[in-house]
Amino acid sequence: MTATVQAPPKTGRIVFPFTAIVGQEEMKLALILNVIDPKIGGVMIMGDRGTGKSTTIRALADLLPEIDVVAGDPFNSDPQDPDLMSEEVKEKLQQQIPLDIVKKKVEMVDLPLGATEDRVCGTIDIEKALSEGVKAFEPGLLAKANRGILYVDEVNLLDDHLVDVLLDSAAGGWNTVEREGISIRHPAQFVMVGSGNPEEGELRPQLLDRFGMHAEIRTVKEPNLRVQIVEQRGSFDGNPTEFYDQYRQEQEKLQQKIVQAQKLLPQVVLDYDLRVKISEICSELDVDGLRGDIVTNRAAKAIAAFEGRTEVTVDDIRRVIVLSLRHRLRKDPLESIDSGYKVEKSVARVFGLDIDE
């Protein structure tokens, strides 16, 4: 038994529209594919300062359609999917207690640089647990991020242990907090987006490998494009509502396209021969482990679904493989060749393509 409750009126400020963002196609594609299939494993965005990384991620969260959540639940529990429900909601369902459902915007949770593990994972109030015999749990940022996007700016400056905790939750879809023999777990399925500036230090290779995709962004060099970006920003700051209205139709069209892709994804097939070729490329590039193969397979299916097709083509693979593999290659400090170029060269050889195609 469920009852739909009207969500409170939206009072949030207007966010810069995703469809208005000029350039940075690599980053936009990686983000959209992760929204279509969160199991791709998130995106690491590396690039210059002031290139609109956080603007783009906020715009993506704003673009996504509203989701059904159980009213008053701190974990954004899904009223239909048991994998995305908190234990309390499951118990209510078992006892056939009716659930109130509200529609809610997809959350984009910003992780502050100085965040502690307690703030991220949540805390258990031991005193209350011992004196009252109840599991008193104070949810953290991972609870808030369930079914949403978790954005970690300057991820390369974050404590490695904390990055590990975040990536474990993102991969497993659950967060477990244990203290003094009391254990609490809750769903934590989110798209993890990390960003950083290479000048401020690299992420350890074993942590970098855990991100599904790696997008590189550069400052736009063409003067006319730079002028366009500056003018757009000025128009938006001057009158956000009017500026947003210009892009409303495009926003709705892209939102619809993402929703259709999510529905179509389970039907997309990737031919066995193409899967073998993907693994051949990973093997030739000496990629450690099998994450590279898995992510490329998933991303190729997601891009086919995004374009409304149920069969993956060689071109789909070519468009996602650099994003999926460039950060998994072993770096030779003396080498000046971009790892993306190495991936493209290998793809061209295995598939018999011209590298400039």
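Every number in this text was worked out from the coordinates using simple rules, so none of it is lab data. For clarity, every value in this text was computed on a predicted model and none was experimentally measured. As a convention, Cβ positions derive from the backbone with ideal geometry for all residues, glycine included, and neighbour counts pool all protein chains shown.
Observations on the model:
- Given +1 at the Cβ of Lys and Arg, -1 at the Cβ of Asp and Glu and no other charges, the dipole of region 78-186 around its Cα centre is 540 debye to the nearest 20.
- Most positive-pole-ward Cα, N146, L113, P65, against dipole of the chain from beta carbon charges: P65
- The H on the amide N of E311, modeled in the peptide plane, is under 5 Å from the matching H of V269, each at least 5 residues off or on a different chain.
- Sparse-neighbour loop sites [trypsin sites (Lys or Arg not before Pro); region 161-244; at most 12 other C-beta within 10 Å; DSSP]: R218, K221
- Computed about the Cα centre, the dipole magnitude for the chain is approximately 660 debye when only Lys and Arg (+1) and Asp and Glu (-1) carry charge, each at its Cβ.
- The alpha carbon radius of gyration of region 266-351, expressed as a multiple of 2.2 N^0.38 Å, is 1.08.
- When the helices of the chain are scored as -39500 (n - 2.57) per DSSP H run of n ≥ 4 and the total is divided over every residue, the value at 222 nm lands at -13500 deg cm²/dmol.
- Each Lys or Arg adds one and each Asp or Glu takes one away; over the other residues whose Cβ falls under 11 Å from the Cβ of K92, this sums to -4.
- Taking the charge dipole of the chain about its Cα centre, with +1 at Lys and Arg Cβ atoms and -1 at Asp and Glu Cβ atoms, the residue from S86, F190, F306 reaching farthest to the positive side is F306.
- Check: region 266-351 dipole with +1 on Lys, Arg Cβ and -1 on Asp, Glu Cβ, in debye: 180 debye
- Sorted ascending by nearby beta carbons within 10 Å, beginning with the fewest, H161, H327 become H161, H327.
- Expressed to the nearest 5 percent, the antiparallel share of DSSP beta bridges inside the chain is 40 percent.
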